[in-house]
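Structure, as structure tokens:
The values are calculated or read from the model by the stated rules, or taken from the named source; none is laboratory data. From a predicted model like this one, the values you see are computed outputs, not experimental measurements. We place every Cβ from the backbone using ideal geometry, glycine too, and count neighbours over all the protein chains shown.
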Amino acid sequence: MGKIVKCGNQGERIRSDCQVSLELTDNNGIEIQLNSKVKSLYGDSIIALAKEILTYFGIVNARLQIEDSGALPYVISARIEAAIKMLIDSEKVFLPEYHPENESSPSTNREKQRISRLYIPGNSPGLMINAPLHHPDGIILDLEDAVAPDKKHEARFIVRNTLRVLNFHGVERMVRINQVPLGLADLDFIIPHKVDLILIPKCETPEQIKLVNDRIETLSLNYNLNHNVWLMPIIESAKGVLNAYEIASSANNIIAMAIGLEDFTADLGIPRTKEGSESFLARSMIVLACKAAGIQAIDSVFSDIEDLELLHQTASNSKALGFVGMGCIHPRQIKPIHDAFSPGEDEIEKAKKIVIAFEDAQSKGIGVVALGTKMIDQPVVKKALQTIQLAISMDKLSQNWREQS
Amino acid sequence: MKKYDNLVKNAVGRMVPTIVNDQPVIPFQGIGKHRPTGRKYAPPISSVLDYPVDGNKEVASLEEALRLCGLKDGMTISTHHHLRDGDLIANQIFEIADRLNVKNLVWLPSASFPCHDPVIQYLENGTIDHIEGSMNGPLGRFTSKGKMKGCAVLRSHGGRFQAIQDGEVHIDIAVMAAPTADPFGNANALYGPSACGVLGYSLADYMYADRVIVVTDNLIAFPCMPMQIEGNYVDFVVKVDKIGLPEKIVSGTTQITKSPDRLLIAEMTAQFCLEAGLLKDGCSFQAGAGGTSLAVEDYFHKILVEKKWKARFCFGGSTEYMVRMLEDGSVDYILDAQAFDLEAVRSVRDNPKHCDVSVFHAYNFHSKGNYAGMTDIVILGATEIDVNFNGNVVTHSDGYLLHGIGGWQNCLHAKCTIIPVPLFRDRIPVIVDEVTTLCGPGSLIDVIVTERGIAINPLRTDLIEKMKESKLPIRDINSLKEEAEFICGKPAKPHLTREVVGIVKWIDGTVIDTIWKVAD
């Protein structure tokens, strides 16, 4: 009897996933046993796929058991490949085809709106399939806290295949790697597959950023990649807070920085309250560091998914502090967060006036912009333009607002 | 006896038998093409001389009542499904029949539930020949494997009324479980430990059966008022300890789905109805008690409150969500054929604007008009929809019979029929090339709402026009089907034999499709 390895999930509540058990044998060729609730519709194609993968890795004798709960093909192949690589060393990878949207989409830009970023556990493919349809600004496939230690290996294959196959509908593709240095190996599974942004958890020093960027550079050379990979360090400790500006300004591809309050309050040895007064200073320091470094300041997640009203209030407070976005742990949190961070009616009205005055001054060749008797500085114009952009993107203002006003 | 014979192709291109259980049946002719004539069926003339002058029709047991009704081989026994998964009576009927060595009965339930799985043993031992009604879960599987002796007949709620009324089905004995009754046979579902609110599906049974037995666990002194079953039609009354398990009859609370994906579909549905001008002041709608339908209803409610609109009526099954709308003035009336939770039972008992209404008014083909057609919006489910908008609600894509039709076919006659469904469920596409079983013709299905896009039936040029400027993802149904297959892969065809195990009736009594035996 050889060693039997298991990858994936199985159980009454598990959907769109499968569990595979693999044992390398000495003879008898490839034996595949499939239990699947979609067996009559997809049984033949699942078995064909399994055989193809085993053959691809040069396996000729094996016993493979698949307990399938309606997993999509790229999930099945991730599970089988993860199992194979627990038994044999191979440089080869079995990659599913890119979704056309992912293949052609350019990487996102530095200033992109990042009000909401939705965390999805990296080993739960069933939660990934429809996540982009809820229109968060970013989706984070999480390899860190949402994945149990003994599942870290298999989750990497799910995240890699998901980056390739899932139609993200234009939502920014983010991955939270494990804490550096452990997380560096995660990069091998994601950098070559068009990830837009990496979240670096429990970041405390600029050296950690450098380690990540060095690895990205090596991979980019190896795979001949030429797109930007953005970084968003997450500050989750007292030391991290005190080093926030050094971290934020340590590399050009850092475009945002977030604070993680669960770990931060744990580091301080105090409970996290809903009002958050205990983290007020830390959050303010993050905002200051980000503004000083010219990047986006992003607030922590709000952990009570039932209390949407308090979430809205918390998000409004975040906005007032200077944050431009927040994390979500459930799709229903997206809307209240967008509502709270989107510009209010008064804000939009004021921005419209400023932009019109600015354009007016420009068309007349006047260097100085004035609204009524007030002079308007360049940063104010810039902020107004951003507000207008945001209002348009959030459906609060028509694209043709100039004609309508 | 011939289970089935003489297959022909019907008006929607499906092969259907023209002989079923030794009786001739008519293939589907097209919507509105078939019109039964003659006079309605009537039960035998009864006489007060045969009933106790003191009005006390109580007998000692269900067995005695069945004996007195002359239970014998080949009879048709009907039951209603208001006790849902908590029903304790239907199984007892067949247990008694088995004990009395009665064979080849036909069971005519208005619906079956998992609690009825024990009847499988009576199907196996020949006590029951076949079921005409709905076959869910294990019963459906049993049927699909070809194990039912006779041929199963599936009918909609309205189709059941039609079949009883035009004599296609003759009920020998109707056994009507009633949460409260008096010894004369007047009964209602408003009071008693098994209160289920309304008994809307029992009307045809007690009016047209040769013999009627009322079974209750809450026998009160005459008069039992209001009377949802009229004692005048009743032959015998039986008092038992328990007719049902209350916690399974009505749920304490009905739950809106918490699935973010289903909530998204529900929100898109409500937004569609708003933008298309379907949801408006004075409108009417129906939505079931499924998690997604409830969520749609809840979004409707929010819109009505926000716009200060008032719906004129909601068609039940009712739930606490509908009751909330009634009580805060968002709707004038609830017309109700079944109550799903305790709040709904309370409301139908106490609120004169929550009205007990039989399917006779809403769905029956032989009525002089149907409420269904007067309803502005109905929200329905489906297991499959094909690119021609044809719908399937009875079989899964693997060919197994797993659901009844319920009121689905009847509701298709509403002014706008909307089906919110996920594009695929656990890798199984819902939008397909061709439905496994055709339960409703596409010309009656107006809108399909999925999380990945909304398809409007090309026949509804009015809706297409109204939604031209919408930001909702309005898409061609073919592109939705292609996306489902792109994500899931193209599914293999189900492995079906050419052996008939059941037929699906259309609302007018014709045969719209066949349920085929699934290959081993």
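Among what's in the stretch B:449-471 and is touching a residue at least 12 places away in the same chain (Cβ under 8 Å) and within 12 Å of chain A (Cβ to nearest Cβ), pick the residue that is nearest to B:Val378 (Cα to Cα). Give the steps one after another, and end with the answer.
First, pick out the residues of the stretch B:449-471 that are touching a residue at least 12 places away in the same chain (Cβ under 8 Å): B:449-457, B:459-460, B:463, B:466-467, B:470.
Applying the additional criterion that residues be within 12 Å of chain A (Cβ to nearest Cβ) yields B:450-453.
Details: B:Thr450: 16, B:Glu451: 19, B:Arg452: 21, B:Gly453: 19 Å.
Among them, the one singled out is B:Thr450.
Taking the stretch B:472-492 as the range and being surrounded by 19 or more Cβ atoms within 10 Å (Cβ to Cβ) and within 14 Å of chain A (Cβ to nearest Cβ) as the test, the residues that pass are B:Leu480, B:Glu483, B:Ala484, B:Ile487, B:Cys488, B:Pro491.
If we scan the stretch B:112-125, do we find a residue that is free of Cβ contacts under 8 Å to residues at least 40 places away in the same chain and under 18 Å from B:Ala174 (Cβ atoms)?
Step one: of the stretch B:112-125, the residues free of Cβ contacts under 8 Å to residues at least 40 places away in the same chain are B:113-114, B:116-125.
Subset that is under 18 Å from B:Ala174 (Cβ atoms): B:116, B:119.
Within the stretch B:112-125, one or more residues are free of Cβ contacts under 8 Å to residues at least 40 places away in the same chain and under 18 Å from B:Ala174 (Cβ atoms).
Here B:Lys103 meets each of (1) out of contact with any Asp or Glu (no Cβ under 7 Å at 6 or more places or on another chain); (2) in a loop (DSSP other than H, G, I, E, B); (3) assigned by TED's automatic domain parsing to the domain that holds B:Lys149; (4) of a type outside the set (Val, Ile, Thr) with one exception, condition (1).
Residues are listed down the side, and each one gets a yes or a no for (1) in contact with a helix residue (DSSP H, G or I) (Cβ under 9 Å, 6 or more places away or on another chain); (2) more than 30 Å from B:Cys439 (Cα to Cα):
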{"site": "B:Glu63", "(1), (2)": "yes, yes"}
{"site": "B:Gly70", "(1), (2)": "no, yes"}
{"site": "B:Gly86", "(1), (2)": "yes, no"}
{"site": "B:Pro109", "(1), (2)": "yes, no"}
{"site": "B:Met135", "(1), (2)": "yes, no"}
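Only one entry of A:Asp263, A:Asp299 meets the criterion of being more than 14 Å from chain B (Cβ to nearest Cβ), part of a helix (DSSP H, G or I) and under 20 Å from the mean Cα position of the chain (by Cα), and that entry is A:Asp263.
Return yes when B:Cys488 is touching a residue at least 12 places away in the same chain (Cβ under 8 Å) and under 24 Å from A:Gly43 (Cα atoms) and no when it is not.
Details: touching a residue at least 12 places away in the same chain (Cβ under 8 Å): yes; under 24 Å from A:Gly43 (Cα atoms): yes.
Judged against the criteria, B:Cys488 is a match.
Each row is one residue, and each column tells you yes or no for (1) farther than 30 Å from B:Ser259 by Cβ; (2) of a type in the set (A, V, I, L, M); (3) in the same structural domain as A:Ala146 (by TED's automatic domain parsing); (4) over 26 Å from the mean Cα position of the chain (by Cα).
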position: A:Gly322; (1), (2), (3), (4): yes, no, yes, no
position: A:Val355; (1), (2), (3), (4): yes, yes, no, yes
position: A:Phe358; (1), (2), (3), (4): yes, no, no, yes
position: A:Gly367; (1), (2), (3), (4): yes, no, no, yes
position: A:Leu371; (1), (2), (3), (4): yes, yes, no, yes
position: A:Met375; (1), (2), (3), (4): yes, yes, no, yes
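Return a yes/no flag: does the stretch B:14-30 have any residue that is closer than 25 Å to B:Thr437 by Cβ, among the hydroxyl-bearing types (Ser, Thr, Tyr), at pLDDT 95 or above and not assigned by TED's automatic domain parsing to the domain that holds B:Val212. Yes, there is a match, as at least one residue in the stretch B:14-30 is closer than 25 Å to B:Thr437 by Cβ, among the hydroxyl-bearing types (Ser, Thr, Tyr), at pLDDT 95 or above and not assigned by TED's automatic domain parsing to the domain that holds B:Val212. Looking at this structure, is B:Pro223 under 30 Å from B:Arg211 (Cα atoms), surrounded by fewer than 24 Cβ atoms within 10 Å (Cβ to Cβ) and within 25 Å of the chain's Cα centre (by Cα)? Taking the combined requirement at face value, the residue does not satisfy it. What do you reckon, is A:Ile209 part of a helix (DSSP H, G or I), touching a strand residue (DSSP E or B) at 6+ places or on another chain (Cβ under 7 Å) and assigned by TED's automatic domain parsing to the domain that holds A:Glu111? It is true that A:Ile209 is part of a helix (DSSP H, G or I), touching a strand residue (DSSP E or B) at 6+ places or on another chain (Cβ under 7 Å) and assigned by TED's automatic domain parsing to the domain that holds A:Glu111.
Helices (runs of 4 or more DSSP H) fully within the stretch B:232-333 that include at least 3 residues being more than 30 Å from B:Asp182 (Cα to Cα) and either of a type outside the set (Phe, Trp, Tyr) or within 14 Å of another protein chain (Cβ to nearest Cβ) (or both): B:260-275, B:291-307, B:320-327. In the stretch B:409-433, how many are away from every other protein chain (no Cβ under 14 Å) and over 20 Å from the mean Cα position of the chain (by Cα)? Selection size over the stretch B:409-433: 1. A search for C-beta distances below 9 Å between a residue of the stretch A:123-143 that is away from chain B (no Cβ under 14 Å) and any residue that is aromatic (Phe, Trp, Tyr) and in a strand (DSSP E or B), counting only pairs 6+ apart in sequence or on different chains, returns A:Ile140/A:Tyr119; A:Leu141/A:Tyr119; A:Asp142/A:Tyr119.
Here's the yes/no breakdown for (1) among the aromatic types (Phe, Trp, Tyr); (2) in a helix (DSSP H, G or I); (3) surrounded by 24 or more Cβ atoms within 10 Å (Cβ to Cβ):
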| residue | (1), (2), (3) |
| --- | --- |
| B:Gly159 | no, yes, yes |
| B:Ile164 | no, yes, yes |
| B:Glu168 | no, no, no |
| B:Val175 | no, no, yes |
| B:Leu190 | no, no, no |
| B:Ser194 | no, no, yes |
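Among the residues of the stretch A:199-232, write down those that are within 20 Å of A:Asp142 (Cβ to Cβ) and touching an Asp or Glu at 6+ places or on another chain (Cβ under 9 Å). Result: A:Leu199, A:Pro201, A:Lys202, A:Cys203, A:Glu204, A:Arg215, A:Val229, A:Trp230. Here the strands (runs of 3 or more DSSP E) wholly within the stretch A:1-87 that include at least 1 residues being over 31 Å from the mean Cα position of the chain (by Cα) and within 14 Å of chain B (Cβ to nearest Cβ) are A:30-36. Annotation: of all residues in the stretch B:4-34 being hydrophobic (A, V, I, L, M, F, W, C) and more than 19 Å from B:His366 (Cα to Cα), the one that is surrounded by the fewest Cβ atoms within 10 Å (Cβ to Cβ) is B:Val8.
If I go through the stretch A:144-162 residue by residue, how many of them are part of a loop (DSSP other than H, G, I, E, B) and small (Gly, Ala, Ser)? Before you say what the answer is, go through the steps one by one.
Step one: filter the stretch A:144-162 for residues part of a loop (DSSP other than H, G, I, E, B), giving A:144-148.
Retained after the next criterion (residues that are small (Gly, Ala, Ser)): A:146, A:148.
Total satisfying the criteria: 2.
From the set of residues in the stretch A:382-403 that are under 14 Å from A:Lys353 (Cβ atoms) and over 31 Å from the mean Cα position of the chain (by Cα), which is surrounded by the fewest Cβ atoms within 10 Å (Cβ to Cβ)? Quick ask: steps written out before the conclusion?
Keep residues of the stretch A:382-403 that are under 14 Å from A:Lys353 (Cβ atoms), which gives A:383-385, A:387-388, A:391, A:397, A:401-402.
From what is left, the residues that are over 31 Å from the mean Cα position of the chain (by Cα) are A:401-402.
On the way: A:Trp401: 16, A:Arg402: 12.
The qualifying residue surrounded by the fewest Cβ atoms within 10 Å (Cβ to Cβ) is A:Arg402.
Kindly evaluate A:Leu187 against the criterion of being closer than 21 Å to A:Glu217 by Cβ, more than 14 Å from chain B (Cβ to nearest Cβ), free of Cβ contacts under 8 Å to residues at least 24 places away in the same chain and of a type outside the set (Val, Ile, Thr). Answer is no for this residue.
Among the residues of the stretch A:105-117, is any of a type in the set (Gly, Ala, Ser) and loosely packed, with under 15 Cβ neighbours inside 10 Å? It would help to see each step written out before you state the result.
Residues of the stretch A:105-117 that are of a type in the set (Gly, Ala, Ser), as a first pass: A:105, A:107, A:116.
Those left that are additionally loosely packed, with under 15 Cβ neighbours inside 10 Å: none.
No, the conditions are met nowhere in the stretch A:105-117.
Restricting attention to the stretch B:375-408 and to residues that are within 14 Å of another protein chain (Cβ to nearest Cβ) and not hydrophobic (A, V, I, L, M, F, W, C), the residue that is nearest to B:Leu444 (Cα to Cα) turns out to be B:Glu384.
Residue under question is B:Val504, and the condition is that it be surrounded by 24 or more Cβ atoms within 10 Å (Cβ to Cβ), among the aliphatic types (A, V, I, L, M) and in a strand (DSSP E or B); does it hold?
Working: surrounded by 24 or more Cβ atoms within 10 Å (Cβ to Cβ): yes; among the aliphatic types (A, V, I, L, M): yes; in a strand (DSSP E or B): yes.
Answer is yes for this residue.
Given the condition crowded, with 20+ Cβ neighbours inside 10 Å and small (Gly, Ala, Ser), answer yes or no: does some residue in the stretch A:163-171 qualify? Looking for residues that are crowded, with 20+ Cβ neighbours inside 10 Å and small (Gly, Ala, Ser), one finds none in the stretch A:163-171, hence no. Of the numbered criteria (1) more than 19 Å from B:Arg84 (Cα to Cα); (2) modelled with pLDDT of 90 or more, the one B:Glu343 fails is (1).
Under the condition of being within 14 Å of chain B (Cβ to nearest Cβ) and out of contact with any helix residue (DSSP H, G or I) (no Cβ under 6 Å at 6 or more places or on another chain), which residue from the stretch A:88-101 is nearest to A:Lys291 (Cα to Cα)? Spell out how you get there, then give the answer.
Going through the stretch A:88-101, the residues within 14 Å of chain B (Cβ to nearest Cβ) turn out to be A:96-101.
Retained after the next criterion (residues that are out of contact with any helix residue (DSSP H, G or I) (no Cβ under 6 Å at 6 or more places or on another chain)): A:97, A:100-101.
Working: A:Glu97: 40, A:Pro100: 37, A:Glu101: 33 Å.
Looking at residues that are within 14 Å of chain B (Cβ to nearest Cβ) and out of contact with any helix residue (DSSP H, G or I) (no Cβ under 6 Å at 6 or more places or on another chain), I get A:Glu101.
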